[in-house]
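A.B. asks: Quick one: the structure is below, questions incoming.
The values are calculated or read from the model by the stated rules, or taken from the named source; none is laboratory data. All figures in this text were calculated on a predicted structure; none of them were measured in a lab. Positions of Cβ are generated from backbone atoms using ideal geometry, with glycine treated the same way; all protein chains shown enter the neighbour counts. These accessible areas exclude ligands, DNA and RNA; they are computed on the full protein's heavy atoms, side chains included. Shrake-Rupley method; radii C 1.70, N 1.55, O 1.52, S 1.80 Å.
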Amino acid sequence: MTITIVGSGKVGAAVALNCGLRELDDILLLDVIDGLPQGEAMDINHQLSELGLDSQIKGSNSYEEMKNSDFIVLVAGMGRKPGMTRMDLLNKNASIVKDVATQISKHANNATLVVVTNPLDPMTYLALKTTKFNKNKVIGMGGMLDLSRFKSYIHDASGCSRASIQAMVISEHGENMLPLIRFSSIGGIPISEFLSKEKTQEIFDKTKKVAAEVIALKGATVYAPGNAVATMIESMIKNKKEVIPVSAYLDGEYGISDLCIGVPVVLGSNGIEKIIELELNEYERKTFDLGVTSVREAINLINQK
């Protein structure tokens with residue numbers, strides 16, 4: 001098995017490092033910038049060697065080397081700058097994702113594809129349509145990353161162990177994400193038993209805004225995305241069947257068709273093995289539908305190009 005990561009900037013390197021630390025597989029870093037993937041591979045190999053871990057990282061500038069990869073992580077594209085929304089990247093990254101997806105379908109048409117490039121949901125849809133892969137084999141990372149942020153704020157507010165926290169975030173990976181307070185718990189106990197309505201609303205708002213804050217402070221989000229992708233790939237490689245929120249292609253689920261958006265799924269050796277349909281209340285459904293509308297508008301803009 002091989003994991004190929006297309007895009008060797010900070011996030012791509014973080015994905016490679018996290019996968020290597022878990023010894024998930026040998027890893028190929030690909031990038032159009034000569035020397036960048038090779039240098040990152042050397043640096044990561046040095047760390048893994050000192051730790052006694054045997055995943056091997058390789059760098060390349062040739063798409064042909066992704067041949068027969070089992071997993072492809074698509075990170076290529078422009079990242080958000082301070083003050084930008086994810087949707088501001090739509091036109092810039094659509095052409096990059098389409099070009100890379102074409103290369104993936106040419107050289108690794110049996111792979112499972114994990115999309116990281118923003119705006120996440122429209123780019124996942126574009127990658128799916130370009131590769132023509134089965135819908136269970138193209139998966140967007142967004143919800144898993146949003147979940148890590150949500151859990152962090154629950155920990156901060158409750159003071160309880162991070163290991164005891166279960167949470168869920170769905171809808172658009174963007175301005176209309178939906179942290180689900182009602183479906184989140186600490187040790188199986190609803191978080192409403194630990195925190196006031198005012199505090200849970202504060203956590204809800206912080207989760208939606210924190211990515212922009214991190215980008216304003218340090219220029220990019222790096223480590224949490226790297227871990228999120230590694231968690232997804234580990235669940236598939238080891239057939240763990242973890243329930244994870246990802247951007248998935250809906251074909252009637254939630255009453256939505258022909259769209260990729262964040263929902264909870266079971267991730268196993270066949271990729272998305274099941275989409276879990278939650279019974280949303282009126283407010284949750286309204287927010288979810290706002291995300292659907294936003295993603296649909298972005299997809300329509302891409303299709304007009």
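A.B. asks: Measuring with a 1.4 Å probe in the full set of protein chains, what accessible area per residue, in whole Å², belongs to segment 98-170?
C.D. replies: Ligands and nucleic acids excluded, the figure is 36 Å² per residue.
A.B. asks: A further question on this structure: As I understand it, the value is the acute angle between the Cα axis of helix 282-304 and the longest principal axis of the Cα atoms of the chain; what does it come to in degrees, rounded to 10?
C.D. replies: The answer is roughly 30 degrees.
A.B. asks: Going by accessible area, probe 1.4 Å, with all protein chains left in place, what is the ranking of E242, E50, E297, E284, largest first?
C.D. replies: E50, E297, E242, E284
A.B. asks: Right, next: Only bridges whose two residues both fall in segment 217-266 count here: according to DSSP, what percent of them are antiparallel, nearest 5?
C.D. replies: Of all bridge pairs located within segment 217-266, approximately 100 percent are antiparallel.
A.B. asks: In debye to the nearest 20, how big a dipole does the chain give about its Cα centre with +1 on each Lys and Arg Cβ and -1 on each Asp and Glu Cβ?
C.D. replies: So the dipole magnitude of the chain works out to roughly 360 debye.
A.B. asks: For segment 227-233, what does the Karplus curve 6.51 cos²θ - 1.76 cosθ + 1.60, with θ = phi - 60°, yield as ³J(HN,Hα) per residue in whole Hz, taken in order and with x for Gly and Pro?
C.D. replies: 5, 4, 5, 4, 4, 5, 5
A.B. asks: In Å², what does the accessible area per residue of segment 176-305 work out to with a 1.4 Å probe?
C.D. replies: 48 Å²
A.B. asks: Now a separate question. Quote the relative contact order of segment 1-85 in percent (integer), defining contacts as alpha-carbon pairs under 8 Å separated by 6+ residues.
C.D. replies: 39 percent
A.B. asks: Right, here's the next one. Under 5 Å between amide hydrogens, which residues at least 5 positions from V138 or on another chain qualify, with H placed 1.01 Å from N in the peptide plane?
C.D. replies: L113
A.B. asks: Taking the chain as a Gaussian network, Cα atoms linked when under 10 Å apart, which of I244, I33, I261 shows the biggest mean-square fluctuation?
C.D. replies: For the chain, modelled as a Gaussian network with Cα springs under 10 Å, the answer is I33.
A.B. asks: If Lys and Arg each add +1 and Asp and Glu each add -1, what is the summed charge of the other residues whose beta carbon sits under 10 Å from the beta carbon of S8? Don't skip to the answer; put the middle values down first.
C.D. replies: On the way: positive: K10; negative: D31, E40.
Cβ neighbours under 10 Å give a net charge of -1.
A.B. asks: While we're looking at this one, here's another question. What FRET efficiency comes out for V214 versus K92 if R0 is 25 angstrom and r is the Cβ-Cβ distance? Round to the nearest 0.05.
C.D. replies: Efficiency for this residue pair is about 0.75.
A.B. asks: Okay, next question. Once the other residues with Cβ under 12 Å from the Cβ of I139 are scored (Lys, Arg +1; Asp, Glu -1), what is the net sum?
C.D. replies: After counting each charged neighbour, the total is 0.
A.B. asks: Which of S49, S269, S235 moves most in a GNM of the chain, Cα contacts under 10 Å?
C.D. replies: S49
A.B. asks: Tell me the trypsin sites (Lys or Arg not before Pro) within segment 168-275 that lie in a loop according to DSSP and have at most 13 other beta-carbon atoms within 10 Å.
C.D. replies: Here the trypsin sites (Lys or Arg not before Pro) that fit, given the DSSP loop and packing criteria, are K238.
A.B. asks: Can you give the accessible area of S164, probe radius 1.4 Å, in Å² rounded to 10?
C.D. replies: Answer for S164: close to 50 Å² accessible.
A.B. asks: Something else: Take every Cα-Cα pair in the chain and report what % of them are more than 23 Å apart. Intermediate results must be reported in sequence, preceding the final value.
C.D. replies: Working: 24762 of 46360 pairs.
In whole percent, the share of Cα-Cα pairs in the chain beyond 23 Å is 53.
A.B. asks: Relative contact order of the chain: what whole-number percent is it, with Cα pairs under 8 angstrom and at least 6 residues apart? If you can, show how the numbers build up before the last one.
C.D. replies: Values: 633 pairs, mean separation 54.1, N = 305.
Taking the mean separation of contacting Cα pairs over the length of the chain, I get 18 percent.
A.B. asks: Hey, another quick one. Describe numerically, in nm with one decimal, the distance between label points set 7 Å from Cα along Cα→Cβ at N134 and at I276.
C.D. replies: Distance between label points: 2.2 nm.
A.B. asks: Based on the Cβ-Cβ distance from S196 to E242, what FRET efficiency comes out when R0 is 35 Å, to the nearest 0.05?
C.D. replies: So, using R0 = 35 Å, E works out to roughly 0.70.
A.B. asks: Using the C-alpha gyration tensor of segment 178-305, what are the square roots of 5 times its eigenvalues, in whole angstrom, with the largest one first? Don't jump to the answer; show the numbers that get you there.
C.D. replies: On the way: eigenvalues 112, 86, 76 Å².
Three semi-axes, in Å: 24, 21, 20.
A.B. asks: How high is the relative contact order of segment 236-286? Use alpha-carbon pairs under 8 Å, at least six apart in sequence, and give a whole percent.
C.D. replies: Once normalised by length, the contact order is 35 percent.
A.B. asks: Next question. Set the Förster radius R0 to 51 Å, insert the Cβ-Cβ distance between D43 and N110 as r into 1/(1 + (r/R0)^6), and round the FRET efficiency to 0.05.
C.D. replies: 0.95
A.B. asks: Would you mind counting up the charge near N109? Only other residues with Cβ under 13 Å from its Cβ, with Lys and Arg at +1 and Asp and Glu at -1.
C.D. replies: Values: positive: K67, K106, K132, K137; negative: D70.
So the surrounding residues net to +3.
A.B. asks: If you fit an axis through the alpha-carbon atoms of helix 197-218 and take the longest principal axis of the Cα set of the chain, what angle between them do you get, 0 to 90°, nearest 10?
C.D. replies: 30 degrees
A.B. asks: Counting only protein heavy atoms and a 1.4 Å probe, tell me what percentage of the chain's accessible area is made up of carbon and sulfur.
C.D. replies: 49 percent
A.B. asks: Something else now. Would you mind computing Rg(Cα) / (2.2 N^0.38 Å) for segment 1-119, counting N as its residues?
C.D. replies: Normalised by 2.2 N^0.38 Å, the Cα Rg of segment 1-119 equals 1.04.
A.B. asks: Return the single residue from A157, A14, A230 with maximal mean-square fluctuation; model: Gaussian network over the chain, springs between Cα atoms under 10 Å.
C.D. replies: Between A157, A14, A230, it is A157 that shows the largest mean-square fluctuation.
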